[in-house]
Amino acid sequence: SVNSFVNPILLVALTENMEGGTNIFAGDFKNMFVFIGGAGATLGLVICMLIWAKSAQLKTLSRAGALPSLFNINEPIIFGAPIVYNPYLAIPFVVVPLITTCTTYFAISWGLVDRIVAAIPWISPVGVGGFLGTGGGFTAVLLALLNLAISIVCYFPFMRMYDSKLYAQEQEMAQQEEAEAKAVKAD
């Protein structure tokens, strides 16, 4: 796995930062700022589904996946939507982390957010991990919330298209069931 290769490098960078180093990519950088809600930054998708979904499938999925997503556990979303092989959701799943990596990189490199100086649990909720990982930097909380907002904005149109497709299928299925029920009553 990639983590087996990358994590030791990030831990060395974290150790250097604890001693005054200036590494941007250090510690649990990706879970603090990039993968908000888990791989693909899917907390934004969950929020979109909670607020705007019309299909029963996505409404139910968002309620089931909301709490785990707050703690960066998104398997219910990845496999429930599903995201893999889903032309609607695969694009933002790949693109959002690229964008949030860039915003985080520039925010830290420009000195707007403190460098990461503490190890945090990967399940730390949005903002909490950044606050603790930067040694109590409130701008880290703002950055995590900005990245969440970016995730919501990026996922919204894709979720909307997918939800419309699912909703139309559900409506069609309901009409078929109603027609079959009427046919049974007529017999």
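The values are calculated or read from the model by the stated rules, or taken from the named source; none is laboratory data. Bear in mind the structure is a predicted one, so any value in this text is a computation, not a measurement. Positions of Cβ are generated from backbone atoms using ideal geometry, with glycine treated the same way; all protein chains shown enter the neighbour counts. All accessible areas refer to the heavy atoms of the entire protein, side chains included, with ligands and DNA or RNA removed. Shrake-Rupley method; radii C 1.70, N 1.55, O 1.52, S 1.80 Å.
Could you run through region 9-53 and say how many residues are assigned to a loop (DSSP other than H, G, I, E, B), among the aromatic types (Phe, Trp, Tyr) and crowded, with 21+ Cβ neighbours inside 10 Å?
Number satisfying all stated conditions: 1.
When you look at residue 95, is it closer than 30 Å to residue 117 by Cβ, assigned to a helix (DSSP H, G or I) and within 18 Å of the chain's Cα centre (by Cα), yes or no?
yes
On the basis of being surrounded by fewer than 14 Cβ atoms within 10 Å (Cβ to Cβ), under 31 Å from the mean Cα position of the chain (by Cα) and of a type outside the set (Ser, Thr, Tyr), does residue 165 make the cut?
yes
Taking the options 116, 108, 91, 120, name whichever one is in contact with an Asp or Glu (Cβ under 6 Å, 6 or more places away or on another chain) and either touching a residue at least 40 places away in the same chain (Cβ under 8 Å) or loosely packed, with under 13 Cβ neighbours inside 10 Å (or both).
The conditions single out 120.
Out of 139, 101, report the one residue that is closer than 16 Å to residue 38 by Cα, in a helix (DSSP H, G or I) and at pLDDT 95 or above.
Result: 101 is the single residue among 139, 101 that is closer than 16 Å to residue 38 by Cα, in a helix (DSSP H, G or I) and at pLDDT 95 or above.
Could you look through region 55-67, keep only residues that are open to solvent by less than 60 Å² (accessible area, probe 1.4 Å) and either in contact (Cβ under 8 Å) with a residue 24 or more places away in the chain or touching a Gly at 6+ places or on another chain (Cβ under 8 Å) (or both), and pick out the one that is nearest to residue 122 (Cα to Cα)?
Within region 55-67, the match that is nearest to residue 122 (Cα to Cα) is 65.
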